[in-house]
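To start, the structure under review is shown below, and the notes come after it.
Taken together, the values in this text are just the output of simple stated rules run on the coordinates, not laboratory data. Here the structure is a predicted model, which means the values were calculated and not measured. Cβ sites come from the backbone with ideal geometry, for glycine too, and all protein chains shown count toward neighbours.
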Amino acid sequence: MIERALARLARMIAGASVRWTVPPGAPEVQRVYFGNHTSHLDFILIWSALPPAARVHTRPIAGADYWGRGRMRRYLATKVFHAVLIERAAKSAPSTARESIDAIADAMGSGTSIIVFPEGTRSRDGTLLPFKSGLYHLCQRKPALELVPVYLDNMTRILPKGEVLPVPMLSRVVFGAPLHLEPGEEKPAFLGRMRDALLALRDA
Amino acid sequence: MTALSLPYINPILARLMAGVVGLLIIGTIVGAVLARRATSETGKATVANLNARIRAWWVMVAVFAIAVATGGVGSIILFAAMSFLALREFMTLTQTSRADHGVLLWAFFIFAPIQYVLVWMQWYGLFAILIPVYAFVTLPGRMALSGDTTRFLERSATVQWGLMACVYCVSYAPALLMLVVPDYAGGRTGLLFYLVLIAQLNDVLQYTFGKLFGKRPIAPTVSPNKTWEGFIGGTLTTVAIGTALWWATPFPPLVAAAMSLVITLMGFAGGLTMSAIKRDRGVKDYGTLIEGHGGVLDRVDSLLFAAPVYFHLIRFFYVP
C-alpha cells in the first residue's frame with residue numbers, strides 16, 4: 001500500500017517514462033537490476049518501473065550508514081521497501097565486504113531479485129564512476145543470476161547529491177538486455193563489460 | 001480583486017461547445033473512413049497518427065469544457081497544470097547546470113504558483129509584472145550566488161525564458177477571466193473559449209492543408225512540416241470561421257476577423273519558435289503525455305504568443 005503510493009509519487013516527481021529495450025523476462029527469474037546512482041529517488045524509481053509481478057519479490061540493497069540512520073529512513077528502507085541494509089565496502093575492511101556479499105546472497109535466497117548501484121555511491125555530476133567488485137563476487141556465488149542494466153536519465157538534475165528538494169523535470173528509466181557472468185571471466189573484464197552495457201543505454 | 005464565481009455557463013458557450021463536438025464527430029467519421037481506405041505504409045501511419053490526434057482531441061475538449069463550465073477556478077487550475085507540465089518539459093530539454101538547482105526550485109515552486117494565485121485573485125497590477133520584473137531581477141542574482149560562471153548568461157536567460165513562455169504567457173489565457181467587457185453576453189469564459197478555439201483550429205487546419213497541399217516549406221531548417229500552402233490555407237479558413245463566429249465575441253465582424261488573424265499569426269509564430277528550440281536541442285516533440293501530439297508544450301505552443309497579445313488588445317480597446 002504505502003510503497004505503491006510512494007513509488008507512484010516518486011515517478012510523478014521524476015516524470016519518469018519507462019523503456020524496455022528488450023521485453024521484460026519471466027517475473028520468477030532471479031535478477032540483479034543494476035543502475036547508475038545519482039539521487040535518493042533512484043531505487044524507488046527502478047522498483048516502481050518493474051512489472052508488478054516482478055516487483056513483489058525485488059528488494060533494493062542500500063547503505064546502512066545512510067538508510068539505517070534515523071527512524072523515518074530506517075522505517076522506509078526496511079519496513080516499506082524491504083531493503084537489505086549493508087555496510088559499504090569502501091569504508092570498511094575486506095572482511096566486512098565479504099560479510100555484505102554473504103548477507104545479500106542470504107537475503108536473495110532462491111527467489112528474490114535485487115536492485116543495486118555498483119558505483120557504491122551517488123555520482124556528483126552524473127558521470128558513471130568505476131564499479132565496486134561486489135557484483136562480481138555475488139555472481140561467482142550465484143552464476144545463474146540474470147544481470148539487467150538500468151540506466152536512469154536526468155536524475156542528476158532532478159535531485160542532485162546534496163540537495164533536499166527535487167526539481168520536477170522529466171526522467172527516463174531504460175532497461176537493457178539481461179547479461180551473465182561468463183565462465184572463467186576475470187573480475188576487471190566482467191566489471192568493465194557491465195559498465196559498458198549500462199553506458200550503452202544512455203543513448204538507447 | 002473580486003473572487004470568481006462558479007458554475008459558469010451561458011447560451012453562447014453552449015453553442016460554441018456544441019459546434020466543437022459537431023466538428024469532432026465529423027473528424028472521427030472522416031478518420032474512420034480514411035483508416036479503411038489507406039493502403040500504403042506511410043498512408044497508414046499518417047492516418048493512425050491522425051486518429052490518435054482526434055482521440056486525444058476528444059479528451060482535451062472534455063477537460064477544457066469541464067474547466068470552462070466550472071467558471072474561473074476550473075480554468076485557472078487547468079492552465080496552471082499545463083504551465084507546470086510545459087515548464088518541466090522545457091527545462092528538461094535545456095542545459096542547466098548543477099548550480100542552478102536553487103533557481104529552478106524558485107521557478108517551479110515560487111514564481112509559477114504565485115503567478116496563478118494572482119490570476120485567481122484577479123490582481124492585474126502584480127500579475128502583469130511578477131515574472132517580467134520580479135523574476136527577472138531576482139533569478140540571475142540567485143544564480144550568481146551559486147558561484148558557477150560557465151555559460152552564465154545562457155543559463156540565466158534559459159530559466160527566465162522558460163518562465164516567460166511556459167508560465168507568464170500561458171497564464172494570460174485564464175487571465176482573460178479578469179476582463180469584463182460591457183454588454184457582452186459570452187461572459188468572461190467566452191473570451192477564453194474563443195481564443196483557444198481559434199488557436200487550436202488554426203493548428204488543425206494548417207496541419208490539414210499542409211498534409212493535403214503542402215509543397216514549399218516556409219522555414220525548412222526549422223520545421224519541414226510548416227508549408228506556405230498549409231499556412232495560407234489554414235490562416236484563411238481559420239479567419240473565415242473566426243469571422244463567422246463574431247456573434248460569440250464582443251467584436252463586430254470586421255474586428256473578429258482582425259482578432260482571428262492576430263491569433264493565427266501569433267499562433268504560427270509561437271509554434272515556429274518552439275520548433276526552433278526543439279530543433280536546436282535535437283528532439284521532435286517535447287514529451288509523450290498526449291498521444292499523437294507530443295508533449296503539453298507542443299500543444300500550447302500556439303497559445304504562447306497569441307494569449308498575451310489577444311488579452312492586451314481586448315483590454316486596451318474593449319475594457320473601460
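Using only Cα atoms, locate the centre of the stretch A:5-47 and the centre of the stretch A:68-83, then give the distance between them in Å, rounded to an integer.
19
Take the cross-link list A:K161/B:K278; B:K44/B:K278; A:K161/A:K187; B:K215/B:K278; A:K79/A:K187; A:K79/A:K132 and give me the ones stretching past 24 Å between alpha-carbons.
Going by Cα-Cα distance, A:K161/B:K278; B:K44/B:K278; A:K161/A:K187; A:K79/A:K187; A:K79/A:K132 fall outside the 24 Å limit.
Can you tell me the relative contact order of the stretch B:170-320? Whole percent, Cα pairs under 8 Å, sequence separation 6 or more.
27
Normalised by the number of residues in chain B, what is the relative contact order in percent for Cα pairs under 8 Å and 6+ residues apart?
With pairs under 8 Å counted, the relative contact order is 20 percent.
Net charge around B:L265, counting only other residues with Cβ within less than 15 Å of its Cβ (Lys, Arg = +1; Asp, Glu = -1)?
Numbers: positive: B:K226; negative: B:D203, B:D301.
Once all neighbours under 15 Å are counted, the net charge is -1.
Just checking the output field for A:13-22: average partner chain Cβ neighbours within 10 Å of each residue's Cβ?
Mean number of neighbouring Cβ atoms from other chains: 1.
Roughly what would the spin-label model give for A:T78 and A:A200, points 7 Å off Cα along C-beta, in nm?
Here the modelled spin labels are 4.0 nm apart.
Name the residue farthest towards the positive end of the dipole of the stretch A:44-113 from the options A:A97, A:G111, A:L50, assuming +1 on Cβ of Lys and Arg, -1 on Cβ of Asp and Glu, about the Cα centre.
A:L50
With contacts defined as alpha carbon pairs under 8 Å and 6 or more residues apart, what's the relative contact order of chain A in percent?
It comes to 32 percent, rounded to a whole number.
To the nearest 20 Debye, how big is the dipole of the stretch A:118-194 about its Cα centre, given +1 on the beta carbon of each Lys and Arg and -1 on that of each Asp and Glu?
200
Out of B:L205, B:V63, B:P220, whose Cα points farthest toward the positive end of the dipole of the protein assembly as shown (charges: +1 Lys, Arg; -1 Asp, Glu; placed on Cβ)?
My answer, from the dipole projection, is B:V63.
Can you work out the Karplus-derived ³J(HN,Hα) for every residue in the stretch B:82-95? Use 6.51 cos²θ - 1.76 cosθ + 1.60 with θ = phi - 60°, whole Hz, and x for glycine or proline.
Once θ is set to phi - 60°, the couplings for the stretch B:82-95 become 5, 4, 4, 5, 5, 5, 6, 5, 5, 5, 4, 7, 8, 10 Hz.
Based on the Kirkwood radius over alpha-carbon pairs, what value in µm²/s does the Stokes-Einstein equation return for the translational diffusion coefficient of the stretch B:77-178 at 20 °C and 1.002 mPa s?
157
Just to be sure I understand: with springs between alpha-carbon atoms less than 10 Å apart, which residue in A:T156, A:T96, A:T112 has the highest mean-square fluctuation in the Gaussian network model of chain A?
A:T96
On full extension of the chain, what length is gained from B:I129 through B:R151, given 0.36 nm per residue of separation minus the C-alpha to C-alpha distance?
So the extension gain works out to 5.3 nm.
Provide a whole-number value for the mean count of partner chain Cβ atoms within 10 Å of the Cβ atoms in peptide A:159-168.
Working: counts 1, 4, 1, 2, 4, 2, 6, 4, 14, 10.
Mean number of neighbouring Cβ atoms from other chains: 5.
In debye, nearest 20: dipole of the protein assembly as shown around its Cα centre with unit charges on the Cβ of K, R (+) and D, E (-)?
300
Using a Gaussian network model of chain B whose springs link C-alpha atoms within less than 10 Å, name the residue from B:S223, B:S83, B:S146 with the highest mean-square fluctuation.
B:S146
Where Lys and Arg each count +1 and Asp and Glu each count -1, what net charge lies around A:P118 among other residues with Cβ under 9 Å from its Cβ? If you can, show how the numbers build up before the last one.
Working: positive: A:K132, A:R195; negative: A:E119.
Overall, the nearby charge balance is +1.
Which one of B:V167, A:P23, B:P113 has its Cα pushed farthest toward the positive end of the charge dipole of the protein assembly as shown, where Lys and Arg give +1 and Asp and Glu give -1 at the Cβ?
My answer, from the dipole projection, is A:P23.
Give the Rg/Rh ratio for chain B, taking Rg as the radius of gyration of the Cα atoms and Rh as the Kirkwood radius, to two decimals.
0.97
Could you tell me whether the protein assembly as shown comes out rounded, prolate or oblate from its Cα gyration tensor? Rule is a ≥ b ≥ c as square roots of the eigenvalues, rounded for a/c under 1.5, then prolate if a/b exceeds b/c, otherwise oblate.
Values: a/c = 2.40, a/b = 1.87, b/c = 1.28.
Prolate is the answer for the protein assembly as shown, as a/c is 1.5 or above and a/b outweighs b/c.
What is the local net charge at B:V47, summed over the other residues whose Cβ is closer than 10 Å to its Cβ (Lys, Arg +1; Asp, Glu -1)?
Here the charged neighbours net out to +3.
If eta is 1.306 mPa s and T is 10 °C, what Stokes-Einstein diffusion coefficient results for chain A, Kirkwood Rh from Cα pairs, in µm²/s?
In µm²/s, the coefficient rounds to 93.
Taking chain A as a Gaussian network, where each spring joins two C-alpha atoms under 10 Å apart, which residue of A:S39, A:S123, A:S48 fluctuates the most?
A:S123
Apply the Karplus parameterisation 6.51 cos²θ - 1.76 cosθ + 1.60, with θ equal to phi minus 60°, to every residue of the stretch A:182-195 and state each ³J(HN,Hα) to the nearest whole Hz, in sequence, with x for glycine and proline.
With the stated coefficients, the stretch A:182-195 comes to 6, x, x, 6, 6, 4, x, 5, 4, 5, x, 5, 5, 5 Hz.
Within the stretch B:12-30, name every residue whose backbone N is under 17 Å away from a label modeled 7 Å from Cα of B:A240 along the Cβ vector.
Only B:23 pass the distance filter.
Say R0 is 51 Å: what FRET efficiency, to the nearest 0.05, do B:A219 and A:E146 get from their beta-carbon distance?
0.55
So what's the projected area for the stretch A:46-163, the Cα convex hull averaged over all directions, in nm²?
Working: hull surface 31.8 nm².
Taking the Cα atoms of the stretch A:46-163, their convex hull projects to 7.9 nm² on average.
Once phi is turned into θ = phi - 60°, what whole-Hz ³J(HN,Hα) does the Karplus curve with 6.51, -1.76 and 1.60 give for every residue of the stretch A:148-158, x standing for Gly and Pro?
10, x, 10, 8, 9, 9, 6, 5, 4, 7, 6
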